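Okay, so here's the structure we're looking at.
The values are calculated or read from the model by the stated rules, or taken from the named source; none is laboratory data. Everything quoted here is computed from the prediction, not taken from an experiment. Counting neighbours? That spans all protein chains shown, and the Cβs are built from the backbone with ideal geometry, glycine included.
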Amino acid sequence: MTTKTTKQTTKTANASQVEKDIRAFWFEHYPKRKSYSDDKRILLAQEFIDEQLELWGVYAYSLPDISVYHPAYYKTTSFRKTNIYDILGDFIAAVNDTDLEKYKPYPSYTEEQEYHRRKSRQKREVNFHELDDDEEQQPPNTISYDDLAEQQVLPTIKYHVTVEQITEVIDNLKADPFNEAKYLQSIYGGNAREIVRKIKGLKKENIKVCKMCNEPFYARDKRLEVCDLTVKYIPVKAGDSICYVATKYSPCWHQRNAEKTRKNKGKTPIKVNI
């Protein structure tokens with residue numbers, strides 16, 4: 001057997017030539033591996049090695065030390081280098097027995113997929129490591145237990161309010177709208193006059209009970225039937241204290257929309273012009 005890129009002359013140590021030879025071998029035989037038996041794959045690999053040893057002559061001893069790009073990862077973002085013996089081992093082990101694959105635990109991944117999954121995990125995984133007395137810097141992709149405690153996210157807290165509590169808040173705001181507006185402005189910013197106008201426009205009849213979570217809320221629009229602000233608050237550090245900020249979108253709002261979409265699916269009339 002002779003590869004497409006080799007010549008029948010003794011070669012000196014040349015990694016680029018070895019890479020061309022193994023790539024030619026891989027692209028010629030790997031696509032047809034399903035039709036090869038185990039003995040056939042072993043024979044092809046042995047013939048390739050014999051040919052390489054003959055062509056390299058006295059330099060054949062350096063073959064295991066030459067690293068080349070693995071043909072399986074050609075034109076990919078993962079550049080894996082190894083020697084030709086490992087590449088031929090991958091070729092020999094490329095068994096495609098569907099009867100055996102049926103008994104593999106799901107999900108089952110190929111060697112190439114496992115390689116990409118391992119590289120992806122290495123970018124995300126963080127291991128625990130406590131610095132020793134002689135260590136000055138935390139090793140990469142590690143974290144100490146003290147750092148972990150500082151970075152832990154506080155659990156989401158859910159507060160329950162009543163219609164009476166919301167009514168009381170509205171009464172307190174309307175009792176002194178100007179001072180209340182200045183206080184709210186110092187916390188949230190904005191225009192004091194605009195805040196006063198909004199306080200005076202608050203109406204108790206706009207207090208409703210959400211049809212999804214059964215929690216009372218103030219409806220900015222009378223047509224609203226579900227709360228447009230969630231009753232869950234996210235803890236946010238503000239200096240030494242913690243502020244609880246309402247999330248931007250309401251889970252109830254999304255759930256209600258999803259139910260409407262599911263119910264109305266296929267009900268839209270289609271006009272056909274004849």
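Among the residues of the stretch 116-138, what is the count of those that are exposed (fewer than 10 other Cβ atoms within 10 Å of the Cβ) and farther than 30 Å from Tyr74 by Cβ?
Qualifying residue count, the stretch 116-138: 6.
Of all the residues that make up the stretch 20-39, how many are of a type in the set (Lys, Arg) and either exposed (fewer than 14 other Cβ atoms within 10 Å of the Cβ) or not in a helix (DSSP H, G or I) (or both)?
Result for the stretch 20-39: 2.
So which residues in the stretch 66-88 are out of contact with any helix residue (DSSP H, G or I) (no Cβ under 8 Å at 6 or more places or on another chain) and either among the β-branched types (Val, Ile, Thr) or modelled with pLDDT of 85 or more (or both)?
Thr76, Thr77, Thr82, Asp86, listed by residue number.
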